[in-house]
Amino acid sequence: MKNIVILTIAFFTVLSCKQDKDKTAVIEQSTPTEMEQNLSKYVSFTLTADVSKLTEKERQMLPLLIKAANKMNDLFWYEAYGDKTELLNSISDENTKKFVKINYGPWDRLDGNKPFVEGVGKKPKGANFYPVDMTKDEFESADIVDKTSIYNFVRRDENGQLYSIPYHKQFEKEVKEVSLLLLEAAKLAEDEGLQKYLELRALALLDDNYQPSDLAWMDMKTNTLDIVIGPIETYEDALFGNKAAHEGYVLIKDQEWSARLARFSAYLPELQKGLPVDEAYKKETPGTDSDLNAYDVVFYAGDCNAGSKTIAINLPNDEEVQLEKGTRRLQLKNAMRAKFDKIMLPISEALIDESQRQHITFDAFFANTMFHEVAHGLGIKNTINNKGMVRTALKEHSSALEEGKADILGLYMIQQLNAKGELTDDIKDNMVTFMAGIFRSVRFGASSAHGKANMIRFNFFKEKGAFARSEDGTYKVNFDKMESAMKDLSNLILTLQGNGDYDGVAKLVAEKGIISSELQADLDRLSAANIPVDVIFEQGIEVLGL
């Protein structure tokens, strides 16, 4: 009997151990790896558009434009990291390779550029635009040709001396290929403005003289297809905020939506005069030859495709062109809808007080995004105390402050146009959607100018009582206090820009460009609920059925 009992105990012990092992195996299989968690920050979205409305020649142009834009990927890889092939060949894990491709390098753009490949150090602040061992002082004291150009790399010669090499020389083979593709597309263009722009852009890529093509791009009014291509934004250069990175968008205009937006640019001079800041900071007159258009974007490449994706464009960045002609604001409607449906709505369910969730609307999200881009044209481009351009005076902090300005002045514009009766939607929709938008954008992290701008605004609004956090971890907007906080923050940013106050901006970023432990805990709840941070695109010629 004793033997039977022992055997029985042994049997159930073995069975129990086996069951525990099976449970462990299930747990191990169901627990995502760190790289799977990284990939889950992104949700896939297919970029499509109705190409049936295009003419036959426009359908022939699209593949050429997509091929040209796609070339920007290799150029941006070099700017952001260096040798893409060598990096990818050194990695065996397929998920890690996928994440490297999303980030155009081994640093997580949504986590403060934290390295995620073994053996890789911190990302150089100057990316690959400058020698890794170069200091700011060394650069500022060096005698370099076209030192302040946004279109060249800084390198060392065999004697260790710094020198510059223009983009069109560094990328001579690649830009010739892109130029030929644009010229081929220009031959098919039925719109004269588009044809002229493509021809001039093709030339610009060969000599880095982009202003004539920027002016031609501003003159386009009746085009259906569009391409934004070349070295454009300076976010990637976190050392000086000066070197432009290559990117490409291919776009199809939504004529119906664009017609609705056309009238708002005329209000820019009036809105400029009414800015809540001293007269000295609003003497510049914004160009009124500006367009507001809605597009479906069918291809992203390079800088705009790295990490968090752009959903609206305000260009050109050339301040001389802006003062002469203004800018064009392109709302990327299909990409915007993807972020609203897949990210904004889930965030609002988690973090916005239930009593205010009805104010989260796509129309408000669209308007907030659109007027953010319009607001880039307001304010001041030149300092008032002979420090030169604002961008030059504020160096690496320029982009974050400019994005912060556009956010807050965009909401100011909506409030002003609402008071005029030009906008008829409930302003509360814009304010609550704006609040939810802060949570969406702050997740982009400190390595993003947009993320940093939202951290500053969140902390400023908190100090001013523009919102309150409930015990259940949801947030409720105080509409009156938010309106006064909007004015105060607008005044602060415009004053810092106009004064070219580098130290003042650095202090603002250091004190308010941070995520508190409480806010981080709330953001962690979004991650725990598997709410993605951003989107990645299924895109290209085949996706469009061309």
Could you check region 439-546 for helices (runs of 4 or more DSSP H) lying wholly inside it with 1 or more residues that are closer than 25 Å to Gly112 by Cα and hydroxyl-bearing (Ser, Thr, Tyr)?
502-512, 517-528
Can you confirm whether Val132 is surrounded by 16 or more Cβ atoms within 10 Å (Cβ to Cβ), touching a Pro at 6+ places or on another chain (Cβ under 6 Å), assigned to a loop (DSSP other than H, G, I, E, B) and not small (Gly, Ala, Ser)?
no
Selection from region 384-413 of residues out of contact with any Asp or Glu (no Cβ under 9 Å at 6 or more places or on another chain) and of a type in the set (Val, Ile, Thr) yields Ile384, Thr392, Ile408
Looking at region 159-180, I want the residues that are surrounded by fewer than 13 Cβ atoms within 10 Å (Cβ to Cβ) and have a partner that is of a type in the set (Gly, Ala, Ser) with Cβ atoms under 8 Å, at least 6 apart or on another chain. Which pairs are those?
Gln161/Ala142
Spot the failing condition for Asn430; the list is (1) part of a helix (DSSP H, G or I); (2) more than 25 Å from Ile531 (Cα to Cα), and only one is missed.
(2)
Criterion (in contact with a Gly (Cβ under 6 Å, 6 or more places away or on another chain) and of a type in the set (A, V, I, L, M, F, W, C)) met by exactly one of Ala406, Ala364, Ala375, Ala350:
Ala375
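Picking from Lys123, Lys71, which residue would you name as being touching a Leu at 6+ places or on another chain (Cβ under 9 Å), crowded, with 20+ Cβ neighbours inside 10 Å, among the charged types (D, E, K, R) and at pLDDT 95 or above?
Working: Lys123 fails: touching a Leu at 6+ places or on another chain (Cβ under 9 Å).
On inspection, the qualifying residue turns out to be Lys71.
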For residues that are of a type in the set (S, T, N, Q) and part of a loop (DSSP other than H, G, I, E, B), scanning just region 84-122, find the one that is farthest from Ile536 (Cα to Cα).
Ser90
Check Ile541 against each of (1) more than 28 Å from His397 (Cβ to Cβ); (2) touching a Ser or Thr at 6+ places or on another chain (Cβ under 6 Å) and name the one condition it does not meet.
(2)
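Test of understanding: among Leu183, Leu205, Leu198, which residue is part of a helix (DSSP H, G or I), without any contact (Cβ under 8 Å) to a residue 40 or more places away in the chain, more than 21 Å from Glu56 (Cα to Cα) and in contact with a helix residue (DSSP H, G or I) (Cβ under 6 Å, 6 or more places away or on another chain)? Let's see the steps before the verdict.
Details: Leu183 fails: more than 21 Å from Glu56 (Cα to Cα); Leu198 fails: more than 21 Å from Glu56 (Cα to Cα).
Being part of a helix (DSSP H, G or I), without any contact (Cβ under 8 Å) to a residue 40 or more places away in the chain, more than 21 Å from Glu56 (Cα to Cα) and in contact with a helix residue (DSSP H, G or I) (Cβ under 6 Å, 6 or more places away or on another chain) holds for just one of Leu183, Leu205, Leu198, which is Leu205.
Say whether the condition of being more than 30 Å from Val442 (Cα to Cα) and touching a strand residue (DSSP E or B) at 6+ places or on another chain (Cβ under 8 Å) is met by at least one residue in region 122-132.
Filtering region 122-132 down to residues more than 30 Å from Val442 (Cα to Cα) leaves 131.
Filter once more, so that each one left must be touching a strand residue (DSSP E or B) at 6+ places or on another chain (Cβ under 8 Å): 131.
The answer is yes; a qualifying residue exists.
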Where the second residue is assigned to a loop (DSSP other than H, G, I, E, B) and charged (D, E, K, R) and the first is more than 17 Å from Leu332 (Cα to Cα) and touching a residue at least 40 places away in the same chain (Cβ under 8 Å) and lies in region 220-238, which pairs have Cβ atoms under 6 Å and are six or more apart or on separate chains?
Asp237/Lys243; Ala238/Lys125
Does Leu62 meet the test of being part of a helix (DSSP H, G or I) and either modelled with pLDDT of 95 or more or within 30 Å of the chain's Cα centre (by Cα) (or both)?
yes
Which residue is farthest from Leu215 (Cα to Cα), if the candidates are limited to region 287-303 and must be within 20 Å of the chain's Cα centre (by Cα) and without any contact (Cβ under 8 Å) to a residue 60 or more places away in the chain?
Ala294
Since Met413 meets every condition but one in (1) more than 20 Å from the chain's Cα centre (by Cα); (2) in a loop (DSSP other than H, G, I, E, B); (3) aliphatic (A, V, I, L, M), which condition does it not meet?
(2)
Take region 388-409 and flag every residue that is over 21 Å from the mean Cα position of the chain (by Cα) and closer than 23 Å to Lys512 by Cβ.
Ala393
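Can you tell me which residue among Leu39, Leu54, Leu47 is buried (at least 21 other Cβ atoms within 10 Å of the Cβ) and either of a type outside the set (Asp, Glu) or under 20 Å from Leu182 (Cβ atoms) (or both)?
On the way: Leu39 fails: buried (at least 21 other Cβ atoms within 10 Å of the Cβ); Leu54 fails: buried (at least 21 other Cβ atoms within 10 Å of the Cβ).
Just a single option satisfies the conditions, and that option is Leu47.
In this structure, is Lys395 surrounded by fewer than 20 Cβ atoms within 10 Å (Cβ to Cβ) and assigned to a helix (DSSP H, G or I)?
Numbers: surrounded by fewer than 20 Cβ atoms within 10 Å (Cβ to Cβ): yes; assigned to a helix (DSSP H, G or I): yes.
Spelling it out, Lys395 is indeed surrounded by fewer than 20 Cβ atoms within 10 Å (Cβ to Cβ) and assigned to a helix (DSSP H, G or I).
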Can you name the residue in region 414-457 that is under 25 Å from Gln272 (Cα atoms), among the hydrophobic types (A, V, I, L, M, F, W, C) and surrounded by fewer than 24 Cβ atoms within 10 Å (Cβ to Cβ) and is also modelled with the lowest pLDDT among such residues?
Ala449
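The values are calculated or read from the model by the stated rules, or taken from the named source; none is laboratory data. Only a predicted model underlies this, so the values are computations on that prediction, with no experimental measurement involved. Quick reminder, even Gly has a Cβ in these numbers, built from the backbone with ideal geometry, and neighbours come from all protein chains shown.
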